[in-house]
Amino acid sequence: MMTTLSIWKKPIALEAMAAMARGTAVSHLGIEFLAVGDDTLSARLPVDARTRQPMGLLHGGVSVVLAETLGSMAGYFACLPGQVVVGLDINANHLRAVRSGWVMGTARAVHVGRSTQVWAIDITDEAGQPVCVSRLTLAVLNQAPGEDAEPGGLTAQPA
């Protein structure tokens, strides 16, 4: 029998992530956090006037925003209390065009270390077809004394 251990080192809850995202690019673009797994975080993004490029397709940069949002939020909850993460590098391969509906993204931990994390983010359309694959590298930093305990000055609620 295989035992799966959760990678989360801080209490993680969808409601807390939604609160942290209020008033940011995340909420402006309509990103909604959907599910937390033992080593994954999922969200969805509408393909609408906010997220399409002039040719009517999901903007590739917006796919990268979804990927970085998922990886960074997951990375934050996978590091110790008193630590935060910042992006070092992100890449993305755009595989399929989407004109409407929703895309879903799932971030999965590749490496969670003391000073760096690597996340693989897969984005699919409503039919489950791949739209974008991305890899995000994060640096893990200690918070300076006096900094807010949580991003945006909010305190995450226990799961």
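All conditions but one from (1) in a strand (DSSP E or B); (2) touching a residue at least 24 places away in the same chain (Cβ under 8 Å); (3) closer than 26 Å to ARG50 by Cβ apply to ASP122; the one that does not is (2). Being assigned to a strand (DSSP E or B) and touching a Leu at 6+ places or on another chain (Cβ under 7 Å) is the requirement here; does ALA74 meet it? Spelling it out, it is not the case that ALA74 is assigned to a strand (DSSP E or B) and touching a Leu at 6+ places or on another chain (Cβ under 7 Å).
Residue-by-condition table, conditions (1) small (Gly, Ala, Ser); (2) touching a Ser or Thr at 6+ places or on another chain (Cβ under 9 Å); (3) free of Cβ contacts under 8 Å to residues at least 12 places away in the same chain; (4) surrounded by 19 or more Cβ atoms within 10 Å (Cβ to Cβ):
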site	(1), (2), (3), (4)
MET73	no, no, no, yes
VAL84	no, no, no, yes
GLY87	yes, yes, no, no
ASN93	no, yes, no, no
ARG99	no, no, no, no
TRP102	no, no, no, no
ALA107	yes, yes, no, yes
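For the range 22-62, the set of residues classified as of a type in the set (Gly, Ala, Ser), more than 21 Å from GLY128 (Cβ to Cβ) and either in a strand (DSSP E or B) or touching a residue at least 60 places away in the same chain (Cβ under 8 Å) (or both) consists of GLY23 only.
Residues being free of Cβ contacts under 8 Å to residues at least 40 places away in the same chain and not aliphatic (A, V, I, L, M): count how many of those fall in the range 125-145. Walk me through it before giving the result.
First, pick out the residues of the range 125-145 that are free of Cβ contacts under 8 Å to residues at least 40 places away in the same chain: 125-130, 144-145.
After this cut, where a residue has to be not aliphatic (A, V, I, L, M) as well, the list is 125-126, 128-130, 145.
The total comes to 6.
Among the residues here, VAL26 does not qualify as open to solvent by 50 Å² or more (accessible area, probe 1.4 Å) and of a type in the set (Val, Ile, Thr). Being of a type outside the set (Phe, Trp, Tyr) and at positive phi: is that true of GLY87 here? Taking the combined requirement at face value, the residue does not satisfy it. Residue-level check: of (1) under 15 Å from ASP125 (Cα atoms); (2) in a loop (DSSP other than H, G, I, E, B); (3) open to solvent by 50 Å² or more (accessible area, probe 1.4 Å), LEU5 misses just (1).
Candidates are the residues of the range 116-150 that are open to solvent by less than 70 Å² (accessible area, probe 1.4 Å) and of a type in the set (D, E, K, R); the one that is modelled with the lowest pLDDT is GLU150.
Identify, please: which residue in the range 30-57 is open to solvent by less than 20 Å² (accessible area, probe 1.4 Å) and touching a Leu at 6+ places or on another chain (Cβ under 7 Å) and is, among those, nearest to PRO81 (Cα to Cα)? For the range 30-57, the residue satisfying everything is LEU41. Within the range 14-24, take every residue that is out of contact with any Pro (no Cβ under 7 Å at 6 or more places or on another chain) and aliphatic (A, V, I, L, M) and give me the one that is nearest to ASP38 (Cα to Cα). Here the residue is LEU14.
The values are calculated or read from the model by the stated rules, or taken from the named source; none is laboratory data. Nothing here was measured: the structure is a model prediction, and the numbers come from that model. Note: ideal-geometry Cβ built from the backbone for every residue, glycine included; neighbour counts use all protein chains shown. SASA here: full protein model, heavy atoms, side chains in, ligands and nucleic acids out. Shrake-Rupley method; radii C 1.70, N 1.55, O 1.52, S 1.80 Å.
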